[in-house]
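K.L.:
Provided herewith is a single structure, encoded as structure tokens, for subsequent inquiry.
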Amino acid sequence: MLALDTATPAVTVALYDAGGDRILASADHVDARRHGELLLPSIDRVLGEAGRALAEVTDLVVGVGPGPYTGLRVGLATAEAFRAALGTPVHGLCTLDGLAYAAGRAGLGADEGPFVVATDARRREVYWARYADPVTRLGEPAVARAAELGPEVLALPAVGGGAVLYEGTFTDVRAELPVDQSAESLARLAAERLGRGEELLPPRPLYLRRPDAQVPANYKVVTPK
Amino acid sequence: MADEPLVLGIETSCDETGVGIVRGTTLLADAVASSVDTHARFGGVVPEIASRAHLEAMVPTIDRALAQAGVAATDLDAVAVTSGPGLAGALLVGVSAAKAYAYALGKPLYGVNHLASHICVDQLEHGPLPEPTMALLVSGGHSSLLLAPDITADVRPLGSTIDDAAGEAFDKVARVLNLGFPGGPVIDKWAREGDPGAIAFPRGLTGPRDAAYDFSFSGLKTAVARWIEARRNAGEEVPVADVSASFQEAVTDVLTRKAIRACTDEGADHLMIGGGVAANSRLRAMAEERCAAAGITLRVPRPKLCTDNGAMVAALGAEMVARGRGTSSWDLSADSSLPVTEPHVPAHGHLHDGHHHDGHHDHVHELSRKNLYAP
Ligand SMILES: [Zn+2]
């Protein structure tokens, strides 16, 4: 299983052997501006390190966001093109779910109750979702200014780059937990869900915002008044 | 011929998702998905809408092209993709998909220049390009005169627009006339009913001291708008057909005059015209007349190959393969301002590091953004 995610500043790739429950190789870079350049060389390196060919991969797992659009599309276009070339099925997972799962693996106990995952949505907003525990999301992911989330959300243990960025607004930031997305967690989560017979998401981007575009007013009159 | 390279080309620099397949200089498939209707109500291409549409259309368009060509992906000799110039986010979808597709198939990858592709596409219509080829590229994003001694390695900018692209002028005049977006086809249609000599609109940069090969359409656009407003303010009807014909005449007059002058000055006996505006019927007719009078052979591809498409990218990719040019590496990036002097982007050893280009390259290769709404 090859997992990748480009919906956050991280470009993360992991090759996971679900049968043997082990990560064969992985690569993580944090560089919000170079997703397009970094992703394929990372995949090539991961496959090379594991001594496997892309054609041997049985399942592709891709983070579908939410995330800033340009980077997000790199991962989805890549996974979709792999599918087009090789017929390998592509499974989508919410990027925030991967972070929640990673937080669970890093020690955020189920006994701690609900928590919130937030990533940077730019324009002073965060993509966020609430979780009952590391594998149970409460409701759909959303985008908002951190300060608008309401005291009951902001007081929850908070995980992810968006929480760290707005520390202070989020009052219980767990900076010791993974801040960046990891394809390793994404792969393990996907394997777990597929193992339970669950359907994952189609590989379609979660933008959560409409494209910025205004219908222009009529043309500007050029004749001086 | 079966030993000519079979190449798939991907183009996503603006609002058309294009995938073409060629064998050498033979066109096998030209599949295009356009998001132009979505942009129409915004009066211009909205980059984020274009990028979203590219992602959705990418794989279906690849599949459609393969079916059209009747070839299997495994038979391809290479995958080519527009790596620039163009809209950054839009280019990135095509580049990401092309890299992954080539990688998965184990095929070489060629990142190529959009403008050089516009020239090379004519090989699919009229056979191998003469060397050198003089090319006039005119569209909503570019207006340039280019001399190409070798389309895979040596393309020289002679001149370009100093303000609006020719296609942009069509869009803006169409907007003033309330004719909708895009403006090119609709003005062409109206102009057929009008008198091209009815109104004497200015010919920009045609004075004896003006740059011989540069263009300017901003003044013309303003002159047309003023003329129309004067009529409206006087409560008179605006003669849409005459305005369209006279405006179109001014644009095509300047374009062909300068192109022929460049041919004569450089000793080029062939003129190639490409880009979306090359679909304009008056431009084609006038170029034919003036080229014939000057003893220059005119090469204009059919309209569908003039607008942005994947076949042009495949055509240049096939030429790269045929001439043994270097392939691109897996870290190929989308370069929204790729200079026209770089017909392709070979793996490393290339001059630029991350933020490359020495900064003096000018508007020649840059997609004009004046009619684009910010991302
Ligand atoms: Zn173009």
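The values are calculated or read from the model by the stated rules, or taken from the named source; none is laboratory data. Please read all numbers here as calculations on a predicted model, not as lab measurements. Counting neighbours? That spans all protein chains shown, and the Cβs are built from the backbone with ideal geometry, glycine included. For accessibility, only protein heavy atoms count, side chains too; no ligands or nucleic acids. Shrake-Rupley method; radii C 1.70, N 1.55, O 1.52, S 1.80 Å.
K.L.:
Applying the selection to the stretch B:202-218, what residues are under 15 Å from B:Q248 (Cα atoms) and either open to solvent by 10 Å² or more (accessible area, probe 1.4 Å) or outside the structural domain of B:I228 (by TED's automatic domain parsing) (or both)?
P.N.:
Selection gives B:P202, B:R203, B:G204, B:S216, B:S218.
K.L.:
Another question, if that's okay. Name the residue, out of A:S26, A:S42, that is outside any strand (DSSP E or B) and within 21 Å of the chain's Cα centre (by Cα).
P.N.:
Criteria check complete, one pass: A:S42.
K.L.:
Look at the stretch A:38-66 and say how many of its residues are open to solvent by less than 30 Å² (accessible area, probe 1.4 Å) and either of a type in the set (A, V, I, L, M, F, W, C) or at pLDDT below 95 (or both).
P.N.:
Of the residues in that region, 13 qualify.
K.L.:
Could you please let me know if B:P149 is in a strand (DSSP E or B), away from chain A (no Cβ under 14 Å) and surrounded by fewer than 23 Cβ atoms within 10 Å (Cβ to Cβ)?
P.N.:
yes
K.L.:
Does the stretch B:322-333 contain at least one residue that is of a type in the set (G, A, S), part of a loop (DSSP other than H, G, I, E, B), open to solvent by 50 Å² or more (accessible area, probe 1.4 Å) and at pLDDT below 95?
P.N.:
Checked against the condition, which is being of a type in the set (G, A, S), part of a loop (DSSP other than H, G, I, E, B), open to solvent by 50 Å² or more (accessible area, probe 1.4 Å) and at pLDDT below 95, the stretch B:322-333 yields no hits at all.
K.L.:
When you scan the stretch B:316-328, how many residues do you find that are farther than 11 Å from B:I10 by Cα and out of contact with any Ser or Thr (no Cβ under 6 Å at 6 or more places or on another chain)?
P.N.:
The number of residues fulfilling the criteria is 7.
K.L.:
What about B:A268, is it outside any helix (DSSP H, G or I) and either in contact with a strand residue (DSSP E or B) (Cβ under 6 Å, 6 or more places away or on another chain) or within 14 Å of another protein chain (Cβ to nearest Cβ) (or both)?
P.N.:
yes
K.L.:
Give the residues of the stretch B:186-239 that are in a helix (DSSP H, G or I) and touching a residue at least 60 places away in the same chain (Cβ under 8 Å), sorted by residue number.
P.N.:
B:I187, B:D188, B:A191
K.L.:
Mind listing whichever residues of the stretch B:209-266 are of a type in the set (S, T, N, Q) and either in contact with a helix residue (DSSP H, G or I) (Cβ under 8 Å, 6 or more places away or on another chain) or closer than 14 Å to B:V176 by Cβ (or both)?
P.N.:
B:S218, B:T222, B:N233, B:S244, B:S246, B:Q248, B:T252, B:T256, B:T264
K.L.:
Give the number of residues within the stretch A:130-165 that are under 19 Å from A:T8 (Cβ atoms), open to solvent by less than 50 Å² (accessible area, probe 1.4 Å) and part of a loop (DSSP other than H, G, I, E, B).
P.N.:
Qualifying residue count, the stretch A:130-165: 2.
K.L.:
Still on this structure: From (1) within 16 Å of the ligand (Cβ to nearest atom); (2) touching a Gly at 6+ places or on another chain (Cβ under 7 Å); (3) part of a loop (DSSP other than H, G, I, E, B); (4) of a type outside the set (A, V, I, L, M), pick out the condition that doesn't hold for B:F181.
P.N.:
If we test B:F181 against (1) within 16 Å of the ligand (Cβ to nearest atom); (2) touching a Gly at 6+ places or on another chain (Cβ under 7 Å); (3) part of a loop (DSSP other than H, G, I, E, B); (4) of a type outside the set (A, V, I, L, M), just (1) comes out false.
K.L.:
Further question on the same structure: Would you check if there is a residue in the stretch B:289-306 being open to solvent by less than 10 Å² (accessible area, probe 1.4 Å), more than 13 Å from the ligand (Cβ to nearest atom), free of Cβ contacts under 8 Å to residues at least 60 places away in the same chain and farther than 21 Å from B:T26 by Cβ?
P.N.:
Checked against the condition, which is being open to solvent by less than 10 Å² (accessible area, probe 1.4 Å), more than 13 Å from the ligand (Cβ to nearest atom), free of Cβ contacts under 8 Å to residues at least 60 places away in the same chain and farther than 21 Å from B:T26 by Cβ, the stretch B:289-306 yields at least one hit.
K.L.:
If you don't mind, there's one more thing I want to ask. For the stretch B:87-110, which residues satisfy the criterion of being in contact (Cβ under 8 Å) with a residue 40 or more places away in the chain and open to solvent by 10 Å² or more (accessible area, probe 1.4 Å)?
P.N.:
B:A88, B:G89, B:L92, B:Y103, B:P108, B:Y110
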